[in-house]
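Below is one structure, written out as structure tokens, with a few remarks after it.
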Amino acid sequence: MNLAVSIARHELRRLFVSPLAWTLLAVSQLLTGILFALSLTDLSLNPQRIGAYDGVSAIVGGGLFRFATVVLLLVVPLLTMRVFAEERKTGNIELLLSSPASLTAVVLGKFAGLMGYLTLLFALVALMPLSLAFATPLDIGLLASGLIGLWLVMAAFCALGLFLSSLTREPTLAAVATLGALMLLWLFYAVSAMEWQPVVFGTALPLGDAARALSLIGHHDALLRGVFSSADVLYFLIFTLCFLALTVVRLDMDRH
């Protein structure tokens with residue numbers, strides 16, 4: 001565990017001395033800040049909208065968290081692409097694999113370092129809707145559910161990116177593969193919304209239900225609406241742990 005913490009600290013320090021990490025943080029906050037300001041401007045010009053929704057928390061908070069998920073879709077591949085791919089390209093992967101740290105500690109340390117950085121981004125996004133508490137009543141339960149969902153999405157995206165980074169020695173290829181995989185998960189959500197049931201040999205296949213069960217965004221959307229279900233949380237935990245375990249298996253193949 002101490003080795004995992006040391007690796008996490010090293011990864012976090014490496015991120016914060018990288019211009020890419022600071023640039024991603026600045027661009028992310030600029031984009032989410034613009035959307036936040038536009039949402040408040042829209043509410044001030046059209047106050048009647050509040051009556052048609054659950055309130056300011058749903059309009060501003062829910063919309064902001066959905067947009068933050070899109071931002072993460074672009075940010076996470078750029079962060080995770082270098083974790084293992086660049087070390088394999090430079091030859092440092094051999095030093096890492098021959099270190100006394102277990103592969104589980106290595107993967108968890110890398111994951112914790114990335115999540116430490118992403119949690120800073122998460123906190124800055126969370127402060128935007130919470131700052132409205134000084135001016136208007138907020139639905140704290142709805143915001144808390146949305147924030148939990150956003151953090152779980154970050155963890156799932158990060159675990160998937162780590163696994164794909166461990167498969168190649170080209171960081172760019174890892175980034176493209178991660179983006180493609182995340183877009184595919186997004187496509188599952190679109191299929192689930194279509195309620196598509198093709199008929200094969202006279203039997204209707206419930207592809208919409210299957211896509212809904214597999215859709216990461218679908219489970220996140222339920223949390224954004226304030227529907228806190230243990231099944232949705234369990235989905236994210238299983239998804240994250242599975243890809244972290246697959247990363248350990250991939251590195252173990254390299255070690256042997």
Pairs with Cβ under 7 Å, 6+ apart, first in the stretch 141-158 and farther than 11 Å from residue 65 by Cβ, second surrounded by fewer than 23 Cβ atoms within 10 Å (Cβ to Cβ) and of a type in the set (Val, Ile, Thr): 152/233; 155/240; 156/240
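May I ask you to list the residues in the stretch 215-227 that are farther than 24 Å from residue 174 by Cα and either open to solvent by 40 Å² or more (accessible area, probe 1.4 Å) or in contact with a Ser or Thr (Cβ under 7 Å, 6 or more places away or on another chain) (or both)?
Passing the criteria: 218, 220, 222, 223, 225, 226, 227.
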Odd one out for residue 47, checked against (1) outside any helix (DSSP H, G or I); (2) at pLDDT 90 or above: (2)
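Here is a yes/no grid of residues against (1) at pLDDT 90 or above; (2) over 30 Å from residue 127 (Cβ atoms); (3) surrounded by fewer than 16 Cβ atoms within 10 Å (Cβ to Cβ):
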| site | (1), (2), (3) |
| --- | --- |
| 153 | yes, no, no |
| 157 | yes, no, no |
| 190 | no, yes, yes |
| 204 | no, yes, yes |
| 213 | no, yes, yes |
| 229 | no, no, yes |
| 240 | yes, no, no |
| 254 | no, yes, yes |
Exclusive hit being at pLDDT 80 or above and under 21 Å from residue 142 (Cβ atoms), set 30, 40: 40
Any hit, the stretch 141-148, residues being out of contact with any Ser or Thr (no Cβ under 8 Å at 6 or more places or on another chain), open to solvent by 40 Å² or more (accessible area, probe 1.4 Å) and modelled with pLDDT of 90 or more: yes
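The values are calculated or read from the model by the stated rules, or taken from the named source; none is laboratory data. Note that this is a predicted model, so its numbers are computed, not measured. Note that we place each Cβ from the backbone using ideal geometry, even for glycine, and neighbour counts take in every protein chain shown. All accessible areas refer to the heavy atoms of the entire protein, side chains included, with ligands and DNA or RNA removed. Shrake-Rupley method; radii C 1.70, N 1.55, O 1.52, S 1.80 Å.
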